[in-house]
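Before any comments, here is the structure.
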Amino acid sequence: MLTTNRRAFLAKSAAGLSSLAVAGAFQGFLGRAASGAHRRTITLQPTIDETTGLPLLKLPEGFRYLSHGWTGDALSDGTPTPGVHDGMAVIRSEPGRLMLCRNHELSGNGAPFAESSRCFDPKGPGGCVNLEFDTQSGRWGPSFASISGTVKNCAGGPTPWGTWLTCEETVFGPNDDDDGERLEYEQEHGWIFEVPAQGATTPQPLKDMGRFVHEAVAIDPRTGVVFETEDAKTAGFYRFVPHEPGQLSRGGRLQMLRVPGVTDLRRSAEVGQTLEVRWVDIDEP
């Protein structure tokens, strides 16, 4: 059945493919070629995926890759790999080992894919999976469901201290209506959660960081300030100033960027323009 699904992938779309472990030199290779450092024609040819034996990518001669994390494949802990793969990052790096944390942007009514101790809402289908990669052997190692019971885990971002911030791209809650479907959630959603590289954790929403339609985050490593984006037609740009840098669960102050005299930057700002800005405290994040 999995073989059939994989072959169907070729004719349909990239859905179900988690990540491709392609040599990092590829980007440098293309960059050098583009700059003229090595002027030659780049010929791409069908290259066999070392996991499935299928020609999923076209690469320059000599490059290798392997796919991993197909929807339905078993993780090391026995959990079937959830679908709707989304934002991810390497959150821990040590000699010979990398730890990747990956979002699964599942929404609607459903059941968590992780055990109850790692679940926020017993009716939330989204969450994250952690996967370890051995850079010496070029093979994947242990993998497990790290957080679940969340909803629409879209983007987020890595932290300088080796965790992943996964963001819910929704503000649905109990009994809300999602395009005609009454939702059965037991918790309000729209939060950010911190996911460790290893070890079990009980998901706790970082409520001081705000409840809105989250997209990505980025952290200033010098100050620990977290910048947050919002995926909505009318959206803000935020920053979270923690009470203690690196300790987000201990709270902090959420602010939104304001440009004095401007109500809609989409209509009044130009590329390259310099504007005076203010950061406005949000009383009820």
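The values are calculated or read from the model by the stated rules, or taken from the named source; none is laboratory data. This is a predicted model, so every value here is computed, not measured. Here Cβ is always computed from backbone atoms with ideal geometry, including for glycine, and neighbour counts include all displayed protein chains. Ligands, DNA and RNA are excluded from the accessible area calculation, which covers all protein heavy atoms including side chains. Shrake-Rupley method; radii C 1.70, N 1.55, O 1.52, S 1.80 Å.
Given 37 °C and 0.692 mPa s, how large is the Stokes-Einstein diffusion coefficient of the range 175-285 in µm²/s, with Rh as the Kirkwood radius over Cα pairs?
My calculation gives 203 µm²/s for D.
What FRET efficiency, computed as 1/(1 + (r/R0)^6) with R0 = 41 Å and r the Cβ-Cβ distance, is obtained for residue 74 and residue 179, rounded to the nearest 0.05?
0.80
Rounded to the nearest 10 degrees, what's the angle between the helix 25-35 long axis and the longest principal axis of the chain, both from Cα atoms, 0 to 90?
With rounding to tens, the tilt is 90 degrees.
Cα-based Rg (one decimal) and Dmax (whole number) for the range 227-285, in Å?
According to the Cα coordinates of the range 227-285, Rg and Dmax are 13.4, 38 Å.
Report, in debye and to the nearest 20, how large the dipole of the chain comes out about its Cα centre when Lys and Arg carry +1 and Asp and Glu carry -1 on their Cβ.
Here the size comes out at about 1320 debye.
Considering Cα pairs under 8 angstrom that are at least six residues apart, work out the relative contact order of the range 102-245 and quote it in whole percent.
19
Using Cα atoms only, what is the angle between the long axis of helix 2-11 and the major principal axis of the chain, expressed in degrees (0 to 90) to the nearest 10?
80
If one computes the Cα centroid of the range 211-285 and of the range 39-84, what distance in Å separates the two points?
37
Averaging sequence separations of C-alpha pairs under 8 Å and six or more residues apart, then dividing by the length of the chain, give the relative contact order as a whole percent.
Relative contact order for the chain comes out at 10 percent.
Hey, any idea what % of the chain's accessible area is carbon plus sulfur with a 1.4 Å probe?
Carbon plus sulfur share of accessible area: 50 percent.
Give the Kirkwood hydrodynamic radius (Å, one decimal) of the chain, defined as one over the mean of 1/r across all pairs of different Cα atoms.
About 20.9 Å, per the Kirkwood formula over Cα pairs.
Using the beta-carbon distance between residue 40 and residue 64 and R0 = 30 Å, what value does 1/(1 + (r/R0)^6) give for FRET efficiency, to the nearest 0.05?
Between residue 40 and residue 64 the formula returns 0.90.
Quick check on the chain: helices-only [θ] at 222 nm, where DSSP H runs of length 4 and up contribute -39,500 (n - 2.57) each and the sum goes over total residues. Nearest 500, please.
-2500 deg cm²/dmol, from helical runs alone.
Measuring from label point to label point, each 7 Å out along Cα→Cβ, what is the residue 243 to residue 111 span in nm?
3.9
Hand me the trypsin sites (Lys or Arg not before Pro) from the range 46-140 located in a DSSP loop with no more than 15 other Cβ atoms within 10 Å, in residue order please.
64
I'd like to check one number: the per residue accessible area of the chain, probe 1.4 Å, reported in Å² as a whole number.
Per-residue accessible area for the chain comes out at 54 Å².
How about the range 224-261: which trypsin sites (Lys or Arg not before Pro) there lie in a loop by DSSP and see at most 16 other Cβ atoms within 10 Å?
233
Quick one: compute the contact order of the range 87-177, relative version, from alpha carbon pairs under 8 angstrom and 6+ residues apart, as a percent.
Dividing the mean separation by the residue count of the range 87-177 yields 29 percent.
Report the extension gain between residue 262 and residue 94 in nm, rounded to one decimal, defined as 0.36 nm multiplied by the number of residues separating them, less their alpha carbon distance.
Fully extending the segment from residue 262 to residue 94 adds 55.8 nm.
Show me the GluC sites (Glu not before Pro) within the range 203-285 that DSSP assigns to loop and that have at most 14 other Cβ atoms within 10 Å of their Cβ.
Passing sites in the range 203-285 are 270, 276.
Would you mind getting me the FRET efficiency between residue 276 and residue 202? Use the beta-carbon distance for r and R0 = 35 Å, nearest 0.05.
Here the calculated transfer efficiency is 0.20.
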